[in-house]
Amino acid sequence: MILYGVPLSPFVRKVLFTLYELELEFEQRFLVPGDTSADFRALSPLGRIPAFQDGEFGISDSSAICHYLLSGYPSELLDTANSERVARAVQWDKYADEDLAPVLLAPLIERLVKPVRFGTPADEAVVQKAMREQIPPVFDHLEERLQTLGGEWLMGPTFSYADIALGAHMSSFLLSSLELDAARWPALSGWVERLQKRPAFQRLCDDAQRFNPKAV
Ligand SMILES: N[C@@H](CCC(=O)N[C@@H](CS)C(=O)NCC(=O)O)C(=O)O
């Protein structure tokens, strides 16, 4: 199996999280969005990362890749024969990509991508604006959902693919060295603490923090 992309991308980290939780062997080919190599463009015509190859089969899009892995390697992460659980996991996955990821993008670019990849400093005004205006409504919603669900994890007492999908994007918040206000968001803070204890999660955070830009 080959994973194309760099761990600075939260979408690449979603696939890394799944691969690490499933304990699968794979090779990583580091390339950035827009790379023009023919093998990558055959998998990702729009030049987006991540892309993935497994033997004859290849595909791009983090969710598509993860569902391929979840179906091919049965685990406790998702019972792919249970239509209700699959639908719920897809709902969380889409929420994470469409609502959480966009509000964490600016801090991620300023605090991680700029210093790690380009060696340039963060524009702190951009980070503070996101913290003040864009992030709180999304965290308020997550807090309300987690309190209503009342469990340890998003889909019950067991860690699941839903936690991977949301957790991969939440790692952007932590990698941007932002502080989660536990008084305002206690359930969300508890969930993040549980997430941080998972070796697979620690590993993908290390991958992003220690990423060597010369590898591209
Ligand atoms: N829906 C895609 C989104 C992937 C994506 O937007 N990746 C970014 C990097 S974080 C990218 O390649 N952007 C370049 C572009 O959109 O042209 C997925 O889940 O993989």
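Among residues of region 29-47 being more than 19 Å from the chain's Cα centre (by Cα) and more than 13 Å from the ligand (Cβ to nearest atom), the one that is least open to solvent (accessible area, probe 1.4 Å) is Ser37.
Only one of Pro115, Pro50 is over 19 Å from the mean Cα position of the chain (by Cα) and closer than 24 Å to Asn212 by Cβ. Can you tell me which? Among Pro115, Pro50, only Pro115 is over 19 Å from the mean Cα position of the chain (by Cα) and closer than 24 Å to Asn212 by Cβ. When Ala168 is tested against (1) small (Gly, Ala, Ser); (2) assigned to a helix (DSSP H, G or I); (3) free of Cβ contacts under 8 Å to residues at least 24 places away in the same chain, just one condition goes unmet, and that condition is (3). Quick one: in region 98-121, of everything that is open to solvent by less than 40 Å² (accessible area, probe 1.4 Å) and β-branched (Val, Ile, Thr), which residue is modelled with the lowest pLDDT? Within region 98-121, the match that is modelled with the lowest pLDDT is Val116. Examine region 75-97 for a residue that is open to solvent by 10 Å² or more (accessible area, probe 1.4 Å), within 9 Å of the ligand (Cβ to nearest atom), in the same structural domain as Ala130 (by TED's automatic domain parsing) and among the charged types (D, E, K, R), and state whether such a residue exists. So far as region 75-97 goes, yes, one or more of its residues are open to solvent by 10 Å² or more (accessible area, probe 1.4 Å), within 9 Å of the ligand (Cβ to nearest atom), in the same structural domain as Ala130 (by TED's automatic domain parsing) and among the charged types (D, E, K, R). The single residue among Phe26, Phe52, Phe11 that is within 9 Å of the ligand (Cβ to nearest atom) and outside the structural domain of Phe173 (by TED's automatic domain parsing) turns out to be Phe11. One residue stands out in region 133-155 among those that are within 20 Å of the chain's Cα centre (by Cα) and outside any helix (DSSP H, G or I): the one that is surrounded by the most Cβ atoms within 10 Å (Cβ to Cβ), namely Leu154.
The values are calculated or read from the model by the stated rules, or taken from the named source; none is laboratory data. Predicted model, so just to flag it, every value in this text is computed and none were measured. Positions of Cβ are generated from backbone atoms using ideal geometry, with glycine treated the same way; all protein chains shown enter the neighbour counts. When the accessible area is computed, the model is the full protein with side chains, heavy atoms only, and any ligands, DNA or RNA have been set aside. Shrake-Rupley method; radii C 1.70, N 1.55, O 1.52, S 1.80 Å.
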